[in-house]
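The values are calculated or read from the model by the stated rules, or taken from the named source; none is laboratory data. Fair warning: this is a prediction, and the values are worked out from it, not measured in the lab. Because the Cβ atoms are built from the backbone with ideal geometry, glycine has one as well, and the counts that use them run over all protein chains shown. Just so you know, the surface numbers come from the protein's heavy atoms only, side chains and all, with ligands and any DNA or RNA stripped out. Shrake-Rupley method; radii C 1.70, N 1.55, O 1.52, S 1.80 Å.
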Amino acid sequence: MALLTPLFAFLYHLPQVYKWLLKPYYIASLFMSVAFLLVRKTPGICEHLSTQREDGNSCDFDWREVEILMFLSAIVMMKNRRAITIEQHVGNIILFSKVANVILFFRLDIRLGLLYLTLCIVFLMICKPPLYMGPEYIKYFSDKTIDDELEKDNRVTWIVEFFANWSPECQSFASVYADLSLKYNCAGLKFGKVDIGRYSEVSKKYRVSTSPLSKQLPSLVLFQGGKEVMRRPQVDKKGRAVSWTFTEENIIREFNLNELYQKSKKLDKPKGEKFERPTESVFAPVPEEEEPESKKD
C-alpha cells in the first residue's frame, strides 16, 4: 500500500506533470540525469569505455555501478517520504540522479567526470527553475509596503509567507500556498508574500533567517491587528527551525483556517451594515523578546 499510494497520486497528476516537464529547464535536467546511462548504452561510444565486468561487456553496468545506483535510489526514496508536491518528488530524483552521474563519470574516467561536473555548475549558474505562474490571491510586499499593509485595518488577518526565490523549498511550496489563497482568501483573511532574499531589512525585523542552515525558509506568519500571533516553523533558542512539514492539511489545522475563514467572511457584508469587532484571537500571543539587562539599567 505504501508503494501504491504515491503511484496513484502520480497517475492522478499525470497531465499536469507532462505540461510541467515540457519546460526547457526540466527537459535539460532530465537529459543530464540520464547522461551516464546514455553514454554507457549508446553503440559506438560504449565500446570504448572501461569496465570491470568479467565478461568484458563495456556496454552494460558493472557490479559497482549497480551498487552506486541502488544506494542513490534508496536515498531518493527516503527524501521523497517528506516531499509534499509532484515538483518536489521529481526535483529530488533529478538532484540525486545528477549526484550519481558525477560519481559514476569520475569512476569511469576523470576527464568525463570533470566535464560533467563543469556542465552541472554552468547549468546551475545560468538556468533557474521556472517560478509558479498559476492563479492565486496573494499580495506581494516590499520592504516599504509590508508594515503599512499589515497595520492598515485591524479587522483583517494576514498570513504572510517569508520566502527567497533561490530556495528549492520555497519554489515547491508556491503552488500549495497559491491553492490555499484561492480557497480561503476573503475581505477579512488575506494572503501575502515577501521576498526576504531581496529585502534583508524585512528578514531582520521579522526574525526570519535566510541561512540554508537555519531551515527557516519558507516561514508562514499569521498577523492579527498588525501583530504576529503565530508562525511555522517555530524556531528554537539556537535559531534553528523545528521540523515541520508544509502540507496543505498541516497549514489548515495549525492556523485554524476553517474557523478563521468563517469569522473573516463577516467583513464581506454590504456597505451600510455595521461590522462587528473581531473577537479575541484563538491563538496564544507570541511572547516579546526580553531586553538585555544592560539596556534596562
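Among the residues of the range 234-243, which ones are touching a Ser or Thr at 6+ places or on another chain (Cβ under 7 Å) and either open to solvent by 90 Å² or more (accessible area, probe 1.4 Å) or not aliphatic (A, V, I, L, M) (or both)? Spell out how you get there, then give the answer.
Let us first name the residues in the range 234-243 that are touching a Ser or Thr at 6+ places or on another chain (Cβ under 7 Å), namely 239-241.
Gly239, Arg240, listed by residue number.
Which condition number does Tyr177 fail, the rest of (1) over 21 Å from Gln262 (Cα atoms); (2) surrounded by 20 or more Cβ atoms within 10 Å (Cβ to Cβ); (3) under 14 Å from the mean Cα position of the chain (by Cα) being met?
Answer for Tyr177: the failing condition is (1).
Failed condition for Leu213, given (1) part of a loop (DSSP other than H, G, I, E, B); (2) within 25 Å of Ser264 (Cβ to Cβ); (3) among the aliphatic types (A, V, I, L, M), with all others met?
Answer for Leu213: the failing condition is (2).
Take the residues of the range 180-216 that are open to solvent by less than 10 Å² (accessible area, probe 1.4 Å) and of a type in the set (Val, Ile, Thr): which is farthest from Val90 (Cα to Cα)?
Among residues in the range 180-216 that are open to solvent by less than 10 Å² (accessible area, probe 1.4 Å) and of a type in the set (Val, Ile, Thr), the one farthest from Val90 (Cα to Cα) is Val202.
Residues are listed down the side, and each one gets a yes or a no for (1) open to solvent by less than 60 Å² (accessible area, probe 1.4 Å); (2) under 28 Å from Asp62 (Cβ atoms):
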site: Asn101; (1), (2): yes, yes
site: Phe106; (1), (2): no, yes
site: Asp109; (1), (2): yes, yes
site: Ile126; (1), (2): no, no
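In this structure, does Ser172 turn out to be assigned to a loop (DSSP other than H, G, I, E, B) and buried (at least 19 other Cβ atoms within 10 Å of the Cβ)? Lay out the reasoning, then the answer.
Values: assigned to a loop (DSSP other than H, G, I, E, B): no; buried (at least 19 other Cβ atoms within 10 Å of the Cβ): yes.
It is false that Ser172 is assigned to a loop (DSSP other than H, G, I, E, B) and buried (at least 19 other Cβ atoms within 10 Å of the Cβ).
Of the residues that make up the range 116-132, is at least one in a strand (DSSP E or B) and either modelled with pLDDT of 90 or more or farther than 22 Å from Lys215 by Cα (or both)?
no
Kindly provide the set of residues from the range 213-242 that are closer than 28 Å to Ile86 by Cα and without any contact (Cβ under 8 Å) to a residue 12 or more places away in the chain, ordered by number.
Of everything in the range 213-242, those that are closer than 28 Å to Ile86 by Cα and without any contact (Cβ under 8 Å) to a residue 12 or more places away in the chain turn out to be Gln234, Val242.
I'm trying to understand the selection: among the residues of the range 131-167, which are open to solvent by 30 Å² or more (accessible area, probe 1.4 Å), assigned by the TED database to the domain that holds Val229 and farther than 30 Å from Gln262 by Cα?
Matches in the range 131-167: Asp143, Lys144, Asn165, Trp166.
Looking only at the range 69-85, filter to residues that are aliphatic (A, V, I, L, M) and in contact with a Leu (Cβ under 9 Å, 6 or more places away or on another chain); which one of those is most open to solvent (accessible area, probe 1.4 Å)? Steps first, please.
Step one: filter the range 69-85 for residues aliphatic (A, V, I, L, M), giving 69-70, 72, 74-78, 83-84.
Filter again for in contact with a Leu (Cβ under 9 Å, 6 or more places away or on another chain), leaving 69, 76.
Working: Leu69: 59, Val76: 23 Å².
In this case the residue turns out to be Leu69.
Contact list please: Cβ distance under 7 Å, first residue in the range 189-212 and under 15 Å from Arg231 (Cα atoms), second residue surrounded by fewer than 17 Cβ atoms within 10 Å (Cβ to Cβ) and not β-branched (Val, Ile, Thr), pairs at least six apart or on different chains.
What qualifies is Phe191/Tyr137; Lys193/Tyr140; Ser209/Gly239.
Condition (residue is more than 31 Å from the chain's Cα centre (by Cα), outside the structural domain of Ser167 (by the TED database) and farther than 30 Å from Glu248 by Cα) applied to the range 85-100: is it met by at least one residue? Let's see the steps before the verdict.
Kept after step one, since they are more than 31 Å from the chain's Cα centre (by Cα), are these residues of the range 85-100: none.
Within the range 85-100, none of the residues are more than 31 Å from the chain's Cα centre (by Cα), outside the structural domain of Ser167 (by the TED database) and farther than 30 Å from Glu248 by Cα.
Per-residue answers, yes or no, for (1) in contact with an Asp or Glu (Cβ under 9 Å, 6 or more places away or on another chain); (2) closer than 27 Å to Glu169 by Cα; (3) of a type in the set (Val, Ile, Thr):
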residue: Ala35; (1), (2), (3): no, yes, no
residue: Leu38; (1), (2), (3): no, no, no
residue: Gln52; (1), (2), (3): yes, no, no
residue: Glu65; (1), (2), (3): no, no, no
residue: Gln88; (1), (2), (3): yes, yes, no
residue: Ile93; (1), (2), (3): no, yes, yes
residue: Asn101; (1), (2), (3): no, yes, no
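Please give the number of the condition Leu95 fails out of (1) open to solvent by 80 Å² or more (accessible area, probe 1.4 Å); (2) assigned to a loop (DSSP other than H, G, I, E, B).
Among (1) open to solvent by 80 Å² or more (accessible area, probe 1.4 Å); (2) assigned to a loop (DSSP other than H, G, I, E, B), the lone unmet condition for Leu95 is (2).
Looking only at the range 41-68, which residues are surrounded by fewer than 14 Cβ atoms within 10 Å (Cβ to Cβ) and assigned to a helix (DSSP H, G or I)?
Matches in the range 41-68: Lys41, Glu47, His48, Trp63, Arg64, Val66, Glu67.
Pull up the range 217-233, narrow it to residues that are surrounded by fewer than 21 Cβ atoms within 10 Å (Cβ to Cβ) and assigned to a loop (DSSP other than H, G, I, E, B), then point me to the one that is farthest from the chain's Cα centre (by Cα).
Gly225
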